[in-house]
Each structure stands twice: as C-alpha cells, then as structure tokens.
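Asker: Following this message is one structure expressed as structure tokens.
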Amino acid sequence: MSAVLTSNTTAAPIHQASPGLWTLAWRRLKRDKVGMISLVVVAFFLLMIVGSYTGLIARNWSKEVGVSYANPSFLAGAVNLEAAKTESREGAAKIPYVDLSDIDPLAPRYKEWEERTAKIKVTETPRSETLLFGGDKWGRDVLQKAIKGAQTSIFVGLFAALIATIIGTTLGALSGYLGGRVGDLMEWFYNVFSSIPYILLILAFAAVFASSPAMADFRGVPMVIAILGLTGWTGIYRLIRAEFIKHGSREYVKAAEAIGASHGRRMFVHILPNVSHVCLVQLSQHVVQFIKAEVILSYLGLGVPVDAVSWGTMLAEAQSELVIGKWWQLAAAGISMAILVTAFSMLTDSLRDALDPKIK
C-alpha cells in the first residue's frame, strides 16, 4: 500500500526565477573574449589612476631625477648632447671666488656662502643618465608622467561623460515622454547645439571660460570637465528621446498610469530602467570621445594648465622635442592613450552586444 502511495505521489513543481537583463548581459559578455580582455585592460588603467591619485605610484613625477632628456634604458649607450650642453652652460655660469675684502665689507661672507652651496650640491642625489622610458627636458621620468597624465585624462573623460549622460538623459526623457510644447522646446535647444560644429563649440566655450574673470578659480581640470559635459550631450539626447517615445505607449507604462503613478515615476522608475543599457553604452562611448577631446584642448593650450600634466600636455611638449630627436615622451603618451582608447572602444562594442535584449 505504501509503495502505491509513494508511486502516485508527485513532487511539487520547483519554480525558478528567470535571470534578469543584467545577469544575461554578464553571461554574454563573459563569452566574448575580446570584450573580457578589453575589460581587464580598462580595469588596469582605472586601478592605475587610483594608485596615482592616492600616491601609491607616480608620486614623484615632478622631481628631476635624471639629466636633461635622459635616454631610455634600451638606449643607454647613446650620446645625450642636450645634457652635455646643459652641463657646459652651468659650468660656464660659475664665477670663481675673488678676494674683495679690501673694497667690499661683505666679501668674507662670499666664500662662506659658496662653500655652503657646494656642500648642498654634494649632498644632492646625483641625476641618472638613463631612465626606464627616458626623461623630459627637466629630467622628469616620462613613465611616471604618463601615469600621472592618465589620471588627469581619464578623470576628465569619466566625469565629463557622466555629466553629458545625465543632461542628455534628462532632456531626452522630458522631450520623448511629455512631447508637445516641451518636446518642441527641447528640439529647438538640441538643433541649436547640433548645428554648430562640435570642435568650434568646444573652442568657443573654452575661450569664454578662459576670458571670464568670474571663472578665474574654476579654470583647469574643472573647466575642461564642464566644457565637455555641457557640449557633448546632444547624441545621448537624440537616442534617449527616441527610446522614451517608443516605451511611452507600451502596456506597462499604461498600467502604471492606471494605478495613479505620477509622470516623474513613470519616466524615471518604470521607463528609465528599461533604457538604461542605452545610457551605459553612450556613457562608455563618450568617455573615449572626451579623452581625445581633452588631449586636443590641452595640446592647443586651452585645457589642463601648465603646472599639471596630462596626455595632451605631454604631446604638446613632445612637439618641440621631436626636432632634436627626443621621441620617447611622444611614444609614452601616444601608446598609453592608444591602448586605453582601443580597449574602451572594443569594450563599448561588447557591452552593446551584451545588453541588446534581442540577443538571447
């Protein structure tokens, strides 16, 4: 009897929750080898700038640890004519001590000061003839400068892209969802910005910020972030507006309206999570775009100030160094930027494919 009961007893069905959008996206991304390699490279650069910001690495980037235009380690045997010229000029500038005690009452002090200066120079750490990736005009380590420059350039790209994404998403949501006069006003605003060539718009904003006395304390990195963020939202706006127009008439939005959800709740609680993958992809695309824009602005002297360092300022310095055959600062900044931009671009493509809900 017990056997019959056991055989007739059926196990209760086990309900398993279906994976969400982000779980499926992560699974698809892990299957993409190019995307995972790009993610590792981008994560490495992010960890590097965190270490630079906290002082764990590149702390002494501004110290003159080598001779002028110190050769890279793999060019240790090459002649450094610029360093030799600098040493000869310094030697020629030295004035030998002459006893002037008969005509100058302070003359006995001169020799004492000269001896003190000589002791200080003896105790200074001797400058290296070679550095791992070479030195610049002042003997600063090019590798440490490239790491510190990555901190500035990536910081500008990330925060400017975040500002542009917030502005573009907010304006696109209002225009696509509300429509009517609000949509017309947003469209007019968008057309004004998009009708001006982007590089001219950036230069115009940079010139206004640089010449305004009220912005004197705002210049430098904050100014570059504000310029790029306030001018780079147009592409994000266009895509988000189209997504909100498409989702605004769907059943789940109508159901939210039926239960009394406000317009703001429908826009940012119900619709926005369903278009967040578009925001994420646009954010990563604009990081790459703004890193390159910061390099251009700094190269033209409208970006990072001279007392800081970025990949753009390094490229500007390298322009005059190429004339005398010193190419390693250009290589350090250019290769670093090329690796990061390439990895970020490929990661963006992989994210777009992973977050596409049409791909199962």
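Since every read-out is calculated from the coordinates, none of them should be taken as a lab result. Because the structure is predicted, anything quoted here is derived from the model rather than measured. Note that we place each Cβ from the backbone using ideal geometry, even for glycine, and neighbour counts take in every protein chain shown.
Asker: Give the peptides 284-297, 314-327 in descending order of average Cβ contacts within 10 Å, highest first. Don't jump to the answer; show the numbers that get you there.
Answerer: On the way: 284-297: 23.0, 314-327: 15.9.
Put in order of decreasing packing, that is 284-297, 314-327.
Asker: So, one more: Picking from Ile154, Gly180, Thr130, whose Cα lies most toward the positive end of the charge dipole for the range 130-184 (charges on Cβ: Lys, Arg +1; Asp, Glu -1)?
Answerer: Thr130
Asker: Moving on. Determine the gain in length on full extension of the stretch Leu75-Lys292; use 0.36 nm per residue of separation and subtract their C-alpha separation, reporting nm with one decimal.
Answerer: Full extension of this stretch gives 75.1 nm more.
Asker: Sticking with this structure for a sec: Determine ³J(HN,Hα), in whole Hz, for all residues of the range 334-351 in sequence, where each value follows from phi through the Karplus function 6.51 cos²θ - 1.76 cosθ + 1.60 and θ = phi - 60°; x replaces Gly and Pro.
Answerer: Here the 3J(HN,Hα) series is x, 5, 4, 5, 5, 5, 5, 5, 5, 5, 5, 5, 5, 5, 4, 4, 5, 5 Hz.
Asker: Between Ser212 and Glu257, what is the spin-label point distance in nm, taking each point 7 Å from the Cα along the Cα→C-beta axis?
Answerer: With each label point 7 Å from Cα toward Cβ, the separation is 4.0 nm.
Asker: Which whole-number percent gives the relative contact order of the range 172-237, counting Cα pairs below 8 Å spaced six or more residues apart? The partial results should precede the final answer.
Answerer: Details: 28 pairs, mean separation 22.5, N = 66.
Here the relative contact order equals 34 percent.
Asker: Near the amide H of Leu131, under 5 Å away, which other amide H atoms are found, from residues 5 or more places off or on another chain, if H is placed in the peptide plane?
Answerer: Correct list: Asn71, Ser73.
Asker: Quick check on packing: order 126-138, 183-195 by the mean number of other C-beta atoms within 10 Å, highest mean leading. Walk me through the numbers before you get to the answer.
Answerer: Details: 126-138: 18.4, 183-195: 13.4.
Per-residue Cβ counts within 10 Å, averaged per peptide and sorted highest first, yield 126-138, 183-195.
Asker: On to the next question. Kirkwood hydrodynamic radius, the range 225-342, all distinct C-alpha pairs: what's the number in Å?
Answerer: On the way: mean 1/r = 0.0574 Å⁻¹.
For the range 225-342, the Kirkwood estimate is 17.4 Å.
Asker: What ranking, highest mean first, results for peptides 259-269, 303-313 when packing means the other Cβ atoms within 10 Å averaged over each residue? All intermediate terms of the calculation are to be shown ahead of the outcome.
Answerer: Numbers: 259-269: 12.7, 303-313: 22.2.
Going from most to least packed, we get 303-313, 259-269.
Asker: Under a point-charge model restricted to the Cβ atoms of Lys and Arg (+1) and Asp and Glu (-1), what is the dipole moment magnitude of the range 158-281 relative to its Cα centre, in debye to the nearest 20?
Answerer: On the way: 9 positive and 6 negative charges, 42 e Å.
For the range 158-281, the charge dipole is close to 200 debye.
Asker: Which of Cys279, Thr231, Phe344 sits closest to the plus end of the dipole of the range 223-356, meaning its Cα is farthest towards the positive end, when Lys and Arg get +1 and Asp and Glu get -1 on the C-beta?
Answerer: Toward the positive end, the furthest listed residue is Cys279.
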